[in-house]
Amino acid sequence: MIEQHVSHYYNLLTNNRISGTPGNCLLQNPLFNDVHSFRLERIIIPYTWYPVNSNNNTLIFNPAAAGNVTATVPAGSYTTATFITALQTAMDAVAGGPTYTATISTTTGLITITQNAGTFTVDQTNSTIKYVMGLNPTGGTSTAANAFTSPNVINLNGSSSIIVRSKELTKYGTKSLHNGTLSEVVAVIPVNASWGSVMYFHPNFDVYQYESKRSGNIDLYLTDQYENPINMNGADWVMVLKFHTSKLSNTDLRHEFNVGNQDIYSALTFSTKN
């Protein structure tokens, strides 16, 4: 008896989504017969989320001991020069009198903020912009002073990685360890391109258990390494999966395509088992 191994390639295109947004959507499951596993082939994703966004753009500070206020830097992609301007403007807008000057050292990468008169403090722990500005996340409130210098270098590149997650694709036993817990992680994509370009990710071809005949629609959602949702700002992306089936040669080999054929193709890859 010869066992035939068949591979079904399926392009998960977020512009074909049933609902949601490119960063959090549902896609129709092709429901191939007798699938036992799948392999992630590649991901093509444009870098369109803002490095500074609603998850990491607030600075809590106390101007002249008058009580905490929150400065919000507008979401966007920044150079050091444009970030300084945006930060100063945001702080001046809520300080109630004091004004601020920010500089970034070209030697150390540290940011220094100076108040025009008196002293101020910075809440390093609760400011969501802490990782962008190089604050100490466990440092609490800084000592009152006329100037504050970040203890760590700034990071205007945003997330160092993008996490592709799916409850559907991982529900049959395949789990990945991320941040100390087992979760529905399908891929961790290093952000190794500049904002506005396209990233191409080729994984190590890990095989995931799967039983598509008993499954529902495929959910996909993106987060950064801090578990924050990713807003793709309307840009779509694609993930290519290779589903594996096995059929004996004396039975019919069935192909059921329940979505547009332009998204699916199959190939008889090899026959090896006797």
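Does segment 57-71 include one or more residues that are hydroxyl-bearing (Ser, Thr, Tyr) and closer than 21 Å to Leu135 by Cα?
Step one: list which residues in segment 57-71 are hydroxyl-bearing (Ser, Thr, Tyr), which gives 58, 70.
Right, trim to closer than 21 Å to Leu135 by Cα and you get 58, 70.
Yes, the conditions are met somewhere in segment 57-71.
Could you list, in sequence order, the residues of segment 32-50 that are more than 19 Å from Thr14 (Cβ to Cβ) and either part of a strand (DSSP E or B) or not aromatic (Phe, Trp, Tyr) (or both)?
Of all residues in segment 32-50, those more than 19 Å from Thr14 (Cβ to Cβ) come to 32-37, 39.
Answer for segment 32-50, where residues must be more than 19 Å from Thr14 (Cβ to Cβ) and either part of a strand (DSSP E or B) or not aromatic (Phe, Trp, Tyr) (or both): Asn33, Asp34, Val35, His36, Ser37, Arg39.
Among Thr251, Thr223, which is modelled with pLDDT of 85 or more and among the β-branched types (Val, Ile, Thr)?
Working: Thr251 fails: modelled with pLDDT of 85 or more.
Going through Thr251, Thr223 in turn, just one is modelled with pLDDT of 85 or more and among the β-branched types (Val, Ile, Thr): Thr223.
Does Ala90 count as surrounded by fewer than 20 Cβ atoms within 10 Å (Cβ to Cβ) and not polar (S, T, N, Q)? Before you say what the answer is, go through the steps one by one.
Values: surrounded by fewer than 20 Cβ atoms within 10 Å (Cβ to Cβ): no; not polar (S, T, N, Q): yes.
The answer is no for Ala90.
Filter the strands (runs of 3 or more DSSP E) completely within segment 51-120 down to those with at least 1 residues that are within 20 Å of Asn157 (Cβ to Cβ) and hydrophobic (A, V, I, L, M, F, W, C). So that I can check it myself, show each step before the final result.
Numbers: elements: 58-63, 69-72, 100-104, 111-115.
Because the criterion is at least 1 residues that are within 20 Å of Asn157 (Cβ to Cβ) and hydrophobic (A, V, I, L, M, F, W, C), the strands (runs of 3 or more DSSP E) in segment 51-120 that meet it are 58-63, 100-104, 111-115.
Give me a count of the residues in segment 17-31 that are out of contact with any Phe, Trp or Tyr (no Cβ under 9 Å at 6 or more places or on another chain), surrounded by fewer than 16 Cβ atoms within 10 Å (Cβ to Cβ) and assigned to a strand (DSSP E or B).
1
Restricting the search to segment 110-160, which residues are out of contact with any helix residue (DSSP H, G or I) (no Cβ under 9 Å at 6 or more places or on another chain), among the small types (Gly, Ala, Ser) and within 18 Å of Gln88 (Cα to Cα)?
Ala117, Gly118, Gly134, Ala145, Ala147
Of all residues being farther than 29 Å from Ala187 by Cα, loosely packed, with under 14 Cβ neighbours inside 10 Å and of a type outside the set (A, V, I, L, M) in segment 140-176, which is farthest from the chain's Cα centre (by Cα)? Just the residue, please.
Restricting to residues being farther than 29 Å from Ala187 by Cα, loosely packed, with under 14 Cβ neighbours inside 10 Å and of a type outside the set (A, V, I, L, M), the top hit is Asn146.
Within the group Thr99, Thr112, which residue is surrounded by fewer than 17 Cβ atoms within 10 Å (Cβ to Cβ) and under 30 Å from Tyr47 (Cβ atoms)? Before the answer, list the steps.
Working: Thr99 fails: under 30 Å from Tyr47 (Cβ atoms).
That would be Thr112, the only listed residue that is surrounded by fewer than 17 Cβ atoms within 10 Å (Cβ to Cβ) and under 30 Å from Tyr47 (Cβ atoms).
Look at segment 189-247 and say how many of its residues are outside any strand (DSSP E or B) and touching a residue at least 24 places away in the same chain (Cβ under 8 Å).
Of segment 189-247, the ones outside any strand (DSSP E or B) are 191-197, 202-206, 210-217, 225-228, 230-237.
When the remaining residues are screened for being touching a residue at least 24 places away in the same chain (Cβ under 8 Å), the result is 191, 193-197, 202-203, 205-206, 210-213, 215-217, 225-228, 230-237.
The number of residues fulfilling the criteria is 29.
The values are calculated or read from the model by the stated rules, or taken from the named source; none is laboratory data. These figures come from a predicted structure and were not determined experimentally. Cβ coordinates were reconstructed from backbone atoms using ideal geometry, including for glycine residues, and neighbour counts include every protein chain displayed.
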